[in-house]
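Beneath this line is the structure, given in structure tokens, with notes to follow.
Bear in mind that the values in this text are calculations on the coordinates, not laboratory data. None of these values were measured; they are calculated from a predicted model. A quick note on method: Cβ atoms are made from the backbone with ideal geometry, for glycine too, and the neighbour counts reach across all protein chains shown.
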Amino acid sequence: MVTIRTRTGSFLSRKIVAVKGGVRDAVHGLGWEGYATEYNLGPQRPASVARHQNVIVKERKMGERILITGAAGFIGAHVCQSFLAEGYDVIGVDNFDPFYDRSIKDAALAELRTYESFTFVETDIREADSLAGLLADVRAVVHLAARAGVRPSIEKPVLYFSINTGGTVSLLEACRKAGVRRFIFGSSSSVYGDNTPVPFSEDVPSIEPISPYAASKRAAELECSVYAHLHGFRVAALRFFTVYGPRQRPDLAIQKFTQLIQRGQPVPQYGDGSAERDFTWVEDIVHGVGGAVKWTEDSKPAFEIFNLGESQTVRLDRLIQLIGEALGVEPQIQQLPPMPGDVRRTCADITKSRRVLGYDPRVTIEEGISRFVRWHEQSRESRGQSTVTR
């Protein structure tokens, strides 16, 4: 048996969770009860018990409801927090993929759970049955769940296509059946490959990804385009450019380099340091996602791609130098051969995003690195770890 517990003092008009073969016949039709109630919802398939036992359905007066996948991840948690602060009802979905330490996601979720308007469901986007019951009364879906990482995708291409491409079409199909037509997809600048003229423009006719990760994201974009054409979806595909900021994944360059420099350990520099990236502060990305959600309010079916970047490039060796300066430490460099699958340069043309979404990135790399290092040191101190010796 599975128990879903509601909280006091508000209103819910329809069911939130109904998973075929799992959580069934979920809560619906509640009035102003003013007391905590437990509902036994019947048997659940054994493989899903751990995921669904902790689902909490909260009774409250509903605002506009959106569903965000990848809600416990780096970008997803920031996006959730922004929409919750704006008064949205948010259903967050995440499967706690073991790509990195779950405790990082748990910490992000702890903050989100302080909002009464947040409901979290642990499930996999490839499980169509578990998605179907989550979409009742949802106005828009922000799809940020993905298997991330260019280099790991070379080792596990089947897994990347299963999650990033198969998972996306599973979610699109669930939306189609539920009548949800507003869809925001988190894509990647990696889809541009190595032969696209700089700055990268969304209307480039030929895109040649050079890694399984990039190819899986491009394939998912094409799936979104098909659903806009066939089923009347309004889709914004957002190509993120090297996002960084607080709670960044531990495998990403800025987080990894900061930790190594702080410990006095060598920083691996693949290539001669001339590779360039368009680094984008996470709060700027969040504002772009917000603009995309508003853009989907128009009922006209459409599929549009938008770049979300800073539109400024930073060399790898300059990035390492900036982190060292913020820490007050001279970095030690371990020079290594270039990695397969890595593009030489990324740079976003954000003209379209500025015009259509009102996107306006404001945090420069210098300011962003300073903010990130401050957050990193405060985070270490709060965990009782020593900071760098200057």
Query raised in the report: Which three lengths, in whole Å and largest first, does the stretch 225-291 cover when its Cα atoms are put on their principal axes?
Result: 55, 25, 16
**Report entry** Ranking of S211, S379 by count of other Cβ atoms within 10 Å, fewest first
**Finding:** S379, S211
Query raised in the report: For K352 and E86, what is the calculated FRET efficiency with R₀ set at 25 Å and r taken between the beta-carbons, to the nearest 0.05?
Result: 0.55
Query raised in the report: How large is ³J(HN,Hα) for each residue in the stretch 143-155, as worked out from phi by the Karplus curve 6.51 cos²θ - 1.76 cosθ + 1.60 (θ = phi - 60°), to whole Hz, x for Gly and Pro?
Result: 9, 10, 5, 6, 8, 9, x, 5, 5, x, 5, 5, 7
Query - Point-charge dipole on Cβ atoms (K/R +1, D/E -1) for the stretch 128-274, about Cα centre, debye to 20 - result: 460
Query raised in the report: Taking a ≥ b ≥ c as the square roots of the eigenvalues of the Cα gyration tensor of the stretch 105-264, is the shape rounded (a/c under 1.5), prolate (a/b larger than b/c) or oblate?
Result: oblate
Query raised in the report: Between R344 and S370, what is the spin-label point distance in nm, taking each point 7 Å from the Cα along the Cα→C-beta axis?
Result: 3.3
Report summary line: Taking r as the C-beta separation of I154 and R315 and R0 as 25 Å, the FRET efficiency to the nearest 0.05 is 0.55
**Report entry** Percent of Cα pairs exceeding the 15 Å cut-off, where the set is the stretch 312-370
**Finding:** 65
Report summary line: By the Cα gyration tensor axes a ≥ b ≥ c (a/c under 1.5 gives rounded; else a/b larger than b/c gives prolate, otherwise oblate), the shape of the stretch 85-161 is oblate
Requested in this report: Taking the Cβ of K352 as the centre, find all other residues whose Cβ is under 9 Å away and add up their charges (Lys, Arg: +1; Asp, Glu: -1).
Outcome: -2
Query raised in the report: What shape does the stretch 302-344 have by the C-alpha gyration tensor, where a ≥ b ≥ c are the square roots of the eigenvalues, rounded means a/c under 1.5, and otherwise prolate means a/b greater than b/c and oblate the rest?
Result: oblate
Query raised in the report: What nm distance separates the two modelled labels at K300 and Q334, each placed 7 Å from Cα along Cα→Cβ?
Result: 5.4
Requested in this report: Could you give me the radius of gyration and the Dmax of the stretch 210-262, taking only the C-alpha atoms into account and expressing both in angstrom?
Outcome: 16.4, 52
Query - Sites L230 and A110 - FRET efficiency at Förster radius 30 Å, r taken between beta-carbons, to 0.05 - result: 0.15
Query raised in the report: Which loop-located trypsin sites (Lys or Arg not before Pro) does the stretch 69-127 contain, where loop means any DSSP state but H, G, I, E or B and the Cβ has at most 15 other Cβ atoms within 10 Å?
Result: R113
Query raised in the report: Under the Karplus relation 6.51 cos²θ - 1.76 cosθ + 1.60, θ = phi - 60°, what is the ordered set of whole-Hz ³J(HN,Hα) values for the stretch 330-335, x standing for Gly and Pro?
Result: 7, x, 9, 9, 10, 7
Query raised in the report: How many Å³ per residue does the convex hull of the Cα positions in the stretch 219-357 occupy?
Result: 118
Query raised in the report: Once amide H atoms are placed 1.01 Å from N in the peptide plane, what residues at a sequence separation of 5 or more from Y270, or on another chain, have their amide H within under 5 Å of its amide H?
Result: L336
Report task. List W281, W375, W295 from most exposed to least, where exposure is judged by having the fewest other Cβ atoms within 10 Å. Result -> W375, W295, W281
Requested in this report: Counting other Cβ atoms within 10 Å, keep those with at most 15, restrict to DSSP loop, and tell me which trypsin sites (Lys or Arg not before Pro) in the stretch 294-383 are left.
Outcome: R344, R362, R383
